[in-house]
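The values are calculated or read from the model by the stated rules, or taken from the named source; none is laboratory data. Since this is a predicted model, take the numbers as computed values, not measurements. For neighbour counting, all protein chains shown are included, and Cβ atoms are generated from backbone atoms with ideal geometry for every residue, glycine included.
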Amino acid sequence: MDRPLLDRIGSPGDLKTLDRAELKELCAQIRDYIVEVCSTNPGHLASSLGAVEIIVALHYVYSAPRDKIIFDVGHQAYAHKILTSRREEFRSLRSKDGISGFPNMAESPYDSFGVGHSSTSISAALGYAEAAKRLGDGSRSVAVIGDGAMTGGLAFEGLNNAGASRSDILVILNDNNQSIDNNTGALHNHLLKLTTSSSYNRFKTRIWDLLGDGAFRHFLQRWVRSLKSWFVKKSGGDLFESLGFRYFGPVDGNNLDEMIDTLTKIRDMKGPRLLHCISVKGKGYAPAEQDPVTWHAPGKFDPASGQRLKKKAGASLYQDVFGQVLLELCRKDKKVVGVTPAMAKGCGMTPLSRTLKDQFFDVGIEEEHAVTFSAGLCAAGFKPFCNIYSSFSQRSYDQIIHDVALQKLGVVLCFDRAGLVGEDGATHNGCFDMAAYRSIPGIVISSPKDEMELKNLMYTAYLHNSSPFIIRYPRGEGNGAEWKDKEAEKLEIGKAECLMEGSEVALVCIGPISAAAIEAAKGCNGRVGVYNFRFLKPFDTEALSHIAQHYRTIITIEEGSLKGGLYSEVCESLQSLGESIKVEGLGIPDRFISHKSRAEQLAECGIDKEGIEKSLQKYLQINK
């Protein structure tokens with residue numbers, strides 16, 4: 001498809017050569033391009049479609065990279081990438097050796113701050129604003145926050161500090177779900193014109209300066225705020241002004257003229273400002289507008305018809321197993337509840353949310369709160385299954401220690417997306433949970449080898465009440481084990497199992513990666529044994545001692561950080577047992593693994609079938 005205007009944009013400065021009509025046509029061409037690329041190279045679609053006018057207006061009014069534009073999460077930023085010298089590279093989005101799906105400082109000087117997790121933009125932008133003040137370089141700082149990220153506690157910490165500091169920072173709240181206000185009528189438009197008027201603001205500043213810092217000025221300011229609040233109380237302006245921000249809006253975030261005019265008026269104002277934009281998630285592409293949740297990350301689709309291309313039927317997804325088993329437990333016991341920080345669909349809790357609403361809690365993007373909230377429920381006699389993506393659980397580390405483990409509360413912490421996650425890359429890889437939590441006293445850390453073992457571990461965790469119980473499992477399909485019509489069994493906590501007997505090399509595994517280990521061991525004529533250490537903690541030292549006495553070499557295999565995980569546990573335990581045996585570790589090395597397919601990531605780390613075979617060949621040759 002021809003996109004003549006888009007082809008003219010090599011950098012944001014080129015936007016300033018276009019008139020308003022051309023800029024609007026450019027927005028349409030950007031949308032078409034995003035849909036075209038994402039239809040065959042899946043990414044985060046709906047959020048980026050809704051933010052096109054906001055991003056075009058920002059780059060038209062501001063001067064990046066001198067001015068710092070910082071996005072929250074990054075789901076909204078595709079137009080930003082396209083406009084900042086990466087138009088052709090956008091076709092390689094989220095693929096091996098291609099550009100990241102999120103802003104990345106190493107990728108472009110226009111990406112002022114790397115993102116991927118939520119609620120960070122305001123704090124980072126405030127850091128830039130304070131640095132600009134001290135350097136006197138005249139650069140401006142803008143934080144663009146949306147997709148629910150304003151619910152995160154870090155966002156409010158940033159707002160609170162920015163309001164108190166009086167720094168020159170603009171926060172753009174891209175409200176794409178009308179969660180604060182859906183009224184953009186005449187009163188709001190009139191107030192917007194008034195509050196953004198340069199003459200009004202000059203007059204207002206002069207009056208405050210003349211009045212000094214006395215009691216009458218404070219009284220008058222309170223009176224003005226109360227009058228203004230009467231007009232905008234439904235928009236949330238009162239909240240932001242109480243935090244020390246000048247509030248503007250709401251404006252139509254998909255109206256380019258309104259965005260450019262508003263940003264131009266408030267760009268040179270001093271102090272903390274917040275512009276509230278109402279935008280449509282999925283704007284300009286009917287299927288995404290009608291179902292923005294599904295089209296947040298829809299996978300491959302036909303751009304003309306909007307028909308999503310279904311994958312071939314395979315094994316059950318781990319999140320679907322989790323969701324169904326949790327629903328079964330909730331049906332049997334009304335004190336079992338599910339808790340998620342805004343990941344109900346992703347972690348498989350949608351069936352519970354629709355069937356047993358009183359036993360389901362979506363707390364928003366608030367991982368720390370989700371854990372302590374679960375601790376409170378548990379202390380009151382309930383059995384919470386708190387599901388958090390592994391990489392996001394890092395935010396709740398203190399809560400897991402202080403609020404759950406220290407008090408010996410039986411919260412079940414289910415870490416979805418544990419291990420390598422593929423195209424989302426380093427920000428979302430769940431590499432560090434086993435290493436991070438292994439040192440916590442009394443905690444149980446487990447990982448199932450397949451779907452049925454996940455069901456058994458959930459049942460075991462349901463019956464366990466003396467300490468937190470972690471269950472970690474990867475993204476995507478299981479190994480094809482039957483689980484739907486089988487009764488769950490209680491597993492002995494801390495007990496490993498032998499999956500295949502051998503004589504020379506023992507593959508010591510944790511989690512679903514044991515399936516690749518079995519495949520790699522099959523052609524070794526009984527010389528390789530495979531063991532499933534489904535519990536990292538408590539660890540089965542009895543089984544390890546048996547292995548050390550019957551094999552010449554141990555190869556540990558884990559889809560987690562080699563430093564601090566299974567490999568470390570095996571080496572430490574062997575030292576404590578006084579056993580001397582050669583140990584090699586296969587796992588995620590001491591570096592961040594970039595975005596590419598999950599299969600490519602596993603191969604890079606040497607923990608796919610071929611990588612395990614290569615390691616086995618080395619030791620079997622030595623042992624001949």
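Any residue in the range 375-389 that's at positive phi and touching a residue at least 24 places away in the same chain (Cβ under 8 Å): show its pairings with residues that are outside any loop (DSSP other than H, G, I, E, B) and surrounded by fewer than 24 Cβ atoms within 10 Å (Cβ to Cβ) at Cβ separation under 9 Å, as long as the two are six or more apart or on different chains. From residues that are at positive phi and touching a residue at least 24 places away in the same chain (Cβ under 8 Å), there are no pairs.
So that you can scan it fast, the table gives a plain yes or no per residue for (1) crowded, with 24+ Cβ neighbours inside 10 Å; (2) at pLDDT below 95; (3) closer than 30 Å to G323 by Cα:
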position	(1), (2), (3)
P468	yes, no, yes
M500	no, no, no
S514	yes, no, yes
N525	no, yes, no
F535	no, no, yes
I555	yes, no, no
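Inspect the range 280-298 for any residue being at negative phi, over 27 Å from the mean Cα position of the chain (by Cα) and in a loop (DSSP other than H, G, I, E, B) and give the result as yes or no. The answer is no, given that none of the residues of the range 280-298 is at negative phi, over 27 Å from the mean Cα position of the chain (by Cα) and in a loop (DSSP other than H, G, I, E, B).
Would you point out which residue out of S100, S63, S139, S119 is modelled with pLDDT under 95, in a loop (DSSP other than H, G, I, E, B) and over 19 Å from E423 (Cβ atoms)?
S119
Within the range 492-519, the set of residues being aliphatic (A, V, I, L, M) and closer than 19 Å to R438 by Cα comprises I493, A496, V508, I510.
Of all the residues in the range 375-395, those that are closer than 26 Å to K449 by Cβ and part of a helix (DSSP H, G or I) number 5. Give me the residue from the range 152-178 that is of a type outside the set (S, T, N, Q) and assigned to a strand (DSSP E or B) and, out of that set, surrounded by the most Cβ atoms within 10 Å (Cβ to Cβ). Per the stated criteria, the residue is I172.
Helices (runs of 4 or more DSSP H) fully within the range 519-624 that include at least 3 residues being of a type in the set (D, E, K, R) and under 24 Å from Y473 (Cβ atoms): 598-604.
Taken across the range 76-83, residues that are assigned to a loop (DSSP other than H, G, I, E, B), hydrophobic (A, V, I, L, M, F, W, C) and more than 21 Å from the chain's Cα centre (by Cα) do not occur at all. Within the range 56-105, the set of residues being closer than 23 Å to E36 by Cα and charged (D, E, K, R) comprises K81, R86, R87, E88, E89, R91, R94, K96, D97.
Any residue that is among the hydroxyl-bearing types (S, T, Y), under 23 Å from W295 (Cα atoms) and either crowded, with 21+ Cβ neighbours inside 10 Å or outside the structural domain of G153 (by TED's automatic domain parsing) (or both) - is there at least one of those in the range 80-98?
From the range 80-98, those among the hydroxyl-bearing types (S, T, Y) are 84-85, 92, 95; that's our starting set.
The next check asks that each one be under 23 Å from W295 (Cα atoms); those that pass are 92, 95.
Right, trim to either crowded, with 21+ Cβ neighbours inside 10 Å or outside the structural domain of G153 (by TED's automatic domain parsing) (or both) and you get none.
No - not one qualifying residue is present in the range 80-98.
Note on the range 8-19: among residues that are surrounded by 11 or more Cβ atoms within 10 Å (Cβ to Cβ) and more than 31 Å from the chain's Cα centre (by Cα), the one that is farthest from D257 (Cα to Cα) is R8. Quick check on this structure: which one of E477, E453, E423 is more than 20 Å from T340 (Cα to Cα) and either in the same structural domain as G565 (by TED's automatic domain parsing) or in contact with a strand residue (DSSP E or B) (Cβ under 7 Å, 6 or more places away or on another chain) (or both)? Of the residues listed, the single one that is more than 20 Å from T340 (Cα to Cα) and either in the same structural domain as G565 (by TED's automatic domain parsing) or in contact with a strand residue (DSSP E or B) (Cβ under 7 Å, 6 or more places away or on another chain) (or both) is E477.
Taking first residues from the range 490-504 that are under 15 Å from I518 (Cα atoms) and partners that are small (G, A, S), the Cβ contacts under 6 Å between residues at least 6 apart in sequence or on separate chains come to M500/A521; M500/G529; E501/G529; G502/G529. Restricting M269, M259 to residues that are at pLDDT 60 or above, closer than 17 Å to L173 by Cβ, out of contact with any Asp or Glu (no Cβ under 7 Å at 6 or more places or on another chain) and surrounded by 15 or more Cβ atoms within 10 Å (Cβ to Cβ) narrows the list to M269.
Pick from the range 390-408 the residues that are closer than 22 Å to G323 by Cβ and free of Cβ contacts under 8 Å to residues at least 60 places away in the same chain: which of them is surrounded by the fewest Cβ atoms within 10 Å (Cβ to Cβ)?
Initially, the range 390-408 is screened for residues closer than 22 Å to G323 by Cβ, giving 390-393, 396.
Restricting the remaining residues to those that are free of Cβ contacts under 8 Å to residues at least 60 places away in the same chain gives 393, 396.
Values: S393: 30, S396: 23.
Ranking the qualifying residues of the range 390-408, first place goes to S396.
In the range 342-361, the residues that are farther than 21 Å from P474 by Cβ never reach a residue that is among the charged types (D, E, K, R) and part of a loop (DSSP other than H, G, I, E, B) with C-beta atoms less than 6 angstrom apart, at least six apart or across chains.
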